[in-house]
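Chemist: Dropping the structure in here first, questions after.
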């Protein structure tokens with residue numbers, strides 16, 4: 001009885017450290033008389049040191065403290081696992097799933113042709129529009145003078161940005177002399193993370209799903225109703241403060257005023273670090289970030305965090321943000337305003353680049369960006385076509401799935417077939433897009449796309465000929 005009571009009391013002391021408790025249990029034959037009191041004193045000393053160690057590391061429990069707010073998430077220690085079962089799929093069920101996938105694959109296959117063809121048409125149109133702009137652009141050397149002879153023409157000019165009044169956010173007493181001021185907000189909320197595992201148990205499959213809940217800063221409202229355990233993880237339904245972008249009403253380069261479509265292109269945002277505490281007593285400023293919270297060091301669910309950024313410095317050279325930004329513009333002159341120019345090739349031209357650039361440099365930069373986008377969409381179109389073919393041919397793999405060796409060979413063969421077919425069809429689709437504008441290049445690409453087909457046909461003919469011989 002005495003030893004039983006001893007183990008119960010020791011378990012209460014050493015519950016956080018099972019390894020240490022195991023060592024004590026192995027030496028239980030030494031615990032008699034005064035040794036019992038010695039072990040109790042040792043346990044108290046251990047718990048005291050552990051408590052002191054936890055106090056020293058208290059900040060590890062609050063990674064969202066000011067100065068640590070970039071870490072994002074705070075572990076809540078709240079997690080659980082659900083277990084479910086499902087029966088093994090029969091051949092008929094797998095065939096049905098493969099047929100559904102094949103229908104999806106056909107849709108992806110068809111859509112890929114539209115993406116590739118329209119992408120080539122857009123690339124051609126952009127190239128011709130930029131070439132037209134380079135031929136017609138008129139340079140303006142003095143942006144202080146409105147040249148009426150350039151009215152409705154495509155012009156190029158450079159100069160410093162200028163605005164009449166600063167942009168002000170009255171909620172947080174923020175004021176900057178810039179073309180744009182952006183307010184970004186985030187709310188401290190519960191977030192659910194899932195990890196699913198499927199374990200084959202022969203006649204059925206066990207599905208284990210791990211759920212973990214953390215508190216994180218999110219720029220949108222997380223709907224807690226979809227959580228697996230929503231009762232203990234509720235989030236507010238809306239944000240108390242919403243994101244917003246303030247735009248200067250009048251923006252100038254010299255004496256030329258920019259229309260709204262040109263101001264939209266001034267989007268090189270830089271972080272703004274305020275230094276003045278706002279008059280709102282519910283808002284606190286910590287490390288250049290506004291917190292609408294009772295204690296920013298210990299954020300609670302529903303607390304708000306607000307940051308600011310700006311684009312297009314437009315004040316004096318001695319302004320807190322520094323000297324005004326210099327920009328280069330290609331646009332249509334309409335009186336004293338700059339707006340978009342419609343080319344005969346089809347694309348509108350209205351370009352804004354930071355820094356001082358010539359018209360040729362701006363056009364070349366735009367052409368490079370267009371080429372990058374074109375090749376990105378080409379790769380995306382090919383990938384969509386390849387995945388569509390995989391879905392369409394997966395039914396063949398399903399039929400032979402029960403034969404291990406044959407299954408592997410069929411998988412390799414189908415993958416190689418889908419790669420070759422998708423590459424050939426992608427090349428031919430690109431060629432058709434250039435047929436009207438560059439017929440020689442188009443014919444060369446068509447020949448390249450038909451090369452695998454011709455090779456397969458010739459090889460098949462030779463095999464038949466050899467078999468007859």
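The values are calculated or read from the model by the stated rules, or taken from the named source; none is laboratory data. All values reported here derive from a predicted model rather than from experimental measurement. Reconstructed Cβ throughout: ideal geometry from the backbone, glycine too, with neighbour counts over all protein chains shown.
Chemist: State whether one or more residues within region 226-233 are surrounded by fewer than 18 Cβ atoms within 10 Å (Cβ to Cβ), closer than 30 Å to residue 84 by Cβ and in contact with a helix residue (DSSP H, G or I) (Cβ under 6 Å, 6 or more places away or on another chain).
Modeler: yes
Chemist: Which residue pairs have Cβ atoms under 8 Å apart, sit 6 or more places apart or on different chains, and have a first residue in region 391-420 that is over 18 Å from residue 101 (Cβ atoms) and a second that is at pLDDT 85 or above?
Modeler: 419/386
Chemist: Could you please give the count of residues in region 249-271 that are closer than 21 Å to residue 306 by Cβ and surrounded by 18 or more Cβ atoms within 10 Å (Cβ to Cβ)?
Modeler: Residues meeting the conditions: 0.
Chemist: Please note which strands (runs of 3 or more DSSP E) are completely contained in region 309-371 and include at least 1 residues that are more than 30 Å from residue 122 (Cα to Cα) and touching a strand residue (DSSP E or B) at 6+ places or on another chain (Cβ under 6 Å).
Modeler: Per the criteria, 326-334.
Chemist: Given the criterion in contact with a strand residue (DSSP E or B) (Cβ under 6 Å, 6 or more places away or on another chain) and either assigned by TED's automatic domain parsing to the domain that holds residue 377 or part of a helix (DSSP H, G or I) (or both), identify the matching residue among 133, 121, 107.
Modeler: Result of the check over 133, 121, 107: 133.
Chemist: Restricting the search to region 360-379, which residues are in contact with a helix residue (DSSP H, G or I) (Cβ under 7 Å, 6 or more places away or on another chain) and farther than 30 Å from residue 136 by Cα?
Modeler: Within region 360-379, just 378 meets the criteria.
Chemist: With surrounded by fewer than 20 Cβ atoms within 10 Å (Cβ to Cβ), more than 21 Å from residue 244 (Cβ to Cβ) and in contact (Cβ under 8 Å) with a residue 24 or more places away in the chain as the only criterion, which of 317, 340 stands out?
Modeler: 340
Chemist: May I ask you to list the residues in region 68-88 that are in a helix (DSSP H, G or I) and either within 18 Å of residue 193 (Cα to Cα) or modelled with pLDDT of 75 or more (or both)?
Modeler: 71
Chemist: Kindly indicate which of 200, 169, 184, 223 is over 29 Å from residue 279 (Cβ atoms) and within 29 Å of the chain's Cα centre (by Cα). Explain how you work it out, then say what you get.
Modeler: Numbers: 200 fails: within 29 Å of the chain's Cα centre (by Cα); 169 fails: over 29 Å from residue 279 (Cβ atoms); 184 fails: over 29 Å from residue 279 (Cβ atoms).
Matching residue, one of 200, 169, 184, 223: 223.
Chemist: If you go through region 349-359, how many residues are loosely packed, with under 14 Cβ neighbours inside 10 Å and within 18 Å of residue 136 (Cα to Cα)?
Modeler: Of the residues in region 349-359, 1 are loosely packed, with under 14 Cβ neighbours inside 10 Å and within 18 Å of residue 136 (Cα to Cα).
Chemist: Kindly establish whether residue 363 is over 28 Å from residue 153 (Cβ atoms) and touching a residue at least 60 places away in the same chain (Cβ under 8 Å). Spell out how you get there, then give the answer.
Modeler: Numbers: over 28 Å from residue 153 (Cβ atoms): no; touching a residue at least 60 places away in the same chain (Cβ under 8 Å): yes.
No: the conditions fail for residue 363.
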